[in-house]
Structure formats: C-alpha cells, structure tokens
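Visitor: Encoded as structure tokens, here's the structure I'll be asking about.
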Amino acid sequence: MGKLSTILDESTISFIRSQAMFFVASAPLDAAGHVNISPKGLDTFRVLDGGRVAYLDLTGSGIETVAHIKENGRVVIMFCAFQGHPKILRLHGRGRVVEPGEAEFDELRRPFPDLEGVRSVIVVELTRVSQSCGFGVPLFKYEGERPQLEAWAKQKGADGLKTYRQNKNSSSIDGLRGLR
C-alpha cells in the first residue's frame with residue numbers, strides 16, 4: 001500500500017494540484033513544547049521542483065509553524081484525498097521562512113496569487129515523500145473557499161496587519177521567536 005521516495009514525480013504533483021487543502025505539522029525541540037498542526041487552504045501551495053515545495057504563510061492568530069521552523073527546520077505537509085481515489089501524501093522536509101524584505105522573497109512570492117495578509121513564504125526541501133492508502137479518510141464535497149481571512153486582512157490594512165503581527169506573531173505559545 002505505501003510508497004516512498006525523496007522526490008515528487010508527475011503523478012504526485014498532479015495529485016497535489018488537485019487538492020483544495022493541506023495540513024502543516026511541526027514541533028519544537030523541547031519535548032514539553034506544543035506540537036502544532038495547521039490546516040491550509042486558498043491557492044497557497046506550489047511545487048518549485050521535484051525536491052522543493054513552498055506555501056504562502058498568511059497572517060493568523062498563531063505563529064507556531066514559523067517559530068518551529070526557525071528553531072529546528074522540521075516540518076511535514078500532508079494532503080488527503082477527500083474526493084476520488086483514496087490517498088494520503090506526506091511531504092517531510094527541512095523548512096525555512098522567507099519574510100518580506102529578504103532577497104529571495106519577491107521571486108518566491110511571484111507564482112502565487114495576490115492574496116491579502118501574506119507574512120512569509122515557507123520553503124521546504126524534501127527529505128521523504130510517502131504515500132499511503134487513505135482508505136479511512138471520509139469523502140467530503142468541496143464547496144469553495146471561505147472569504148473571511150482575506151476580508152479581515154484587507155479591512156486591517158497594511159498598518160493594522162503590522163501592528164497585529166507585532167502583538168500576536170512575535171513569539172509562539174512556547175516562547176520561540178516568530179516574525180521579526
């Protein structure tokens with residue numbers, strides 16, 4: 001049932017492109033720290049090449065994934081087929097956070113749509129690509145994207161988002177460094 005690789009082939013890339021959402025999991029080095037998993041949607045994921053992927057990190061109430069990646073780089077991204085043939089895809093790798101103002105930010109940001117509230121691009125160098133059956137994943141009907149996140153970010157405006165990030169995204173729940 002399972003399949004292992006270290007790179008993405010065309011079939012796997014096609015599967016990724018057909019998914020409406022993904023999950024990102026990370027953890028701090030301290031075993032007493034909090035493990036985090038975040039659902040992601042909108043048009044925020046890209047395959048850069050067979051060994052690298054990236055996603056847009058949009059402003060939110062927490063900063064756990066960014067803080068964990070900055071601390072130790074460990075991250076896993078999971079896609080589940082909620083429609084069609086059952087499949088679970090996990091992309092294990094070493095992540096890095098690229099923030100606005102850094103040399104490569106504009107280039108990494110370019111392939112994504114112009115979404116409100118972008119706070120960074122997360123780039124992951126893949127170390128393990130695993131596929132499993134997904135027989136236990138239920139079927140769900142995709143109805144569309146929720147408009148609230150973009151509307152909230154647009155209403156805040158650039159200055160409001162900057163203040164929000166300073167107040168809510170400067171450190172994780174475990175006190176790890178978040179955004180600058």
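Residues are listed down the side, and each one gets a yes or a no for (1) under 18 Å from F22 (Cβ atoms); (2) out of contact with any Lys or Arg (no Cβ under 7 Å at 6 or more places or on another chain); (3) of a type in the set (D, E):
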| position | (1), (2), (3) |
| --- | --- |
| N72 | no, yes, no |
| M78 | yes, no, no |
| P100 | no, yes, no |
| F105 | no, yes, no |
| P111 | yes, no, no |
| E125 | yes, no, yes |
| G144 | yes, yes, no |
| N167 | no, yes, no |
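Visitor: If the requirement is being surrounded by 13 or more Cβ atoms within 10 Å (Cβ to Cβ), over 16 Å from A25 (Cα atoms), basic (K, R) and touching a residue at least 12 places away in the same chain (Cβ under 8 Å), which of these qualifies: K141, K156?
Guide: On the way: K141 fails: surrounded by 13 or more Cβ atoms within 10 Å (Cβ to Cβ).
Exactly one of K141, K156 is surrounded by 13 or more Cβ atoms within 10 Å (Cβ to Cβ), over 16 Å from A25 (Cα atoms), basic (K, R) and touching a residue at least 12 places away in the same chain (Cβ under 8 Å), namely K156.
Visitor: Quick one: would you say S38 is touching a helix residue (DSSP H, G or I) at 6+ places or on another chain (Cβ under 8 Å), more than 22 Å from L139 (Cα to Cα) and polar (S, T, N, Q)? First the steps, then the outcome.
Guide: Details: touching a helix residue (DSSP H, G or I) at 6+ places or on another chain (Cβ under 8 Å): yes; more than 22 Å from L139 (Cα to Cα): no; polar (S, T, N, Q): yes.
Taking the combined requirement at face value, the residue does not satisfy it.
Visitor: Which of the residues spanning region 54-86 are more than 15 Å from the chain's Cα centre (by Cα) and closer than 14 Å to I122 by Cα?
Guide: Result: E71, N72.
Visitor: Among (1) in contact (Cβ under 8 Å) with a residue 40 or more places away in the chain; (2) closer than 28 Å to Y164 by Cα; (3) among the charged types (D, E, K, R), where does R110 come up short?
Guide: (1)
Visitor: Check off (1) in a loop (DSSP other than H, G, I, E, B); (2) within 18 Å of the chain's Cα centre (by Cα) for G144 and give me the number that stays unchecked.
Guide: Status for G144: all satisfied but (2).
Visitor: Do any strands (runs of 3 or more DSSP E) entirely within region 26-97 hold 1 or more residues that are buried (at least 18 other Cβ atoms within 10 Å of the Cβ), hydroxyl-bearing (S, T, Y) and modelled with pLDDT of 95 or more, and if so, which?
Guide: Working: elements: 36-40, 45-49, 52-58, 74-80.
Qualifying strands (runs of 3 or more DSSP E): 52-58.
The values are calculated or read from the model by the stated rules, or taken from the named source; none is laboratory data. Nothing here was measured: the structure is a model prediction, and the numbers come from that model. A quick note on method: Cβ atoms are made from the backbone with ideal geometry, for glycine too, and the neighbour counts reach across all protein chains shown.
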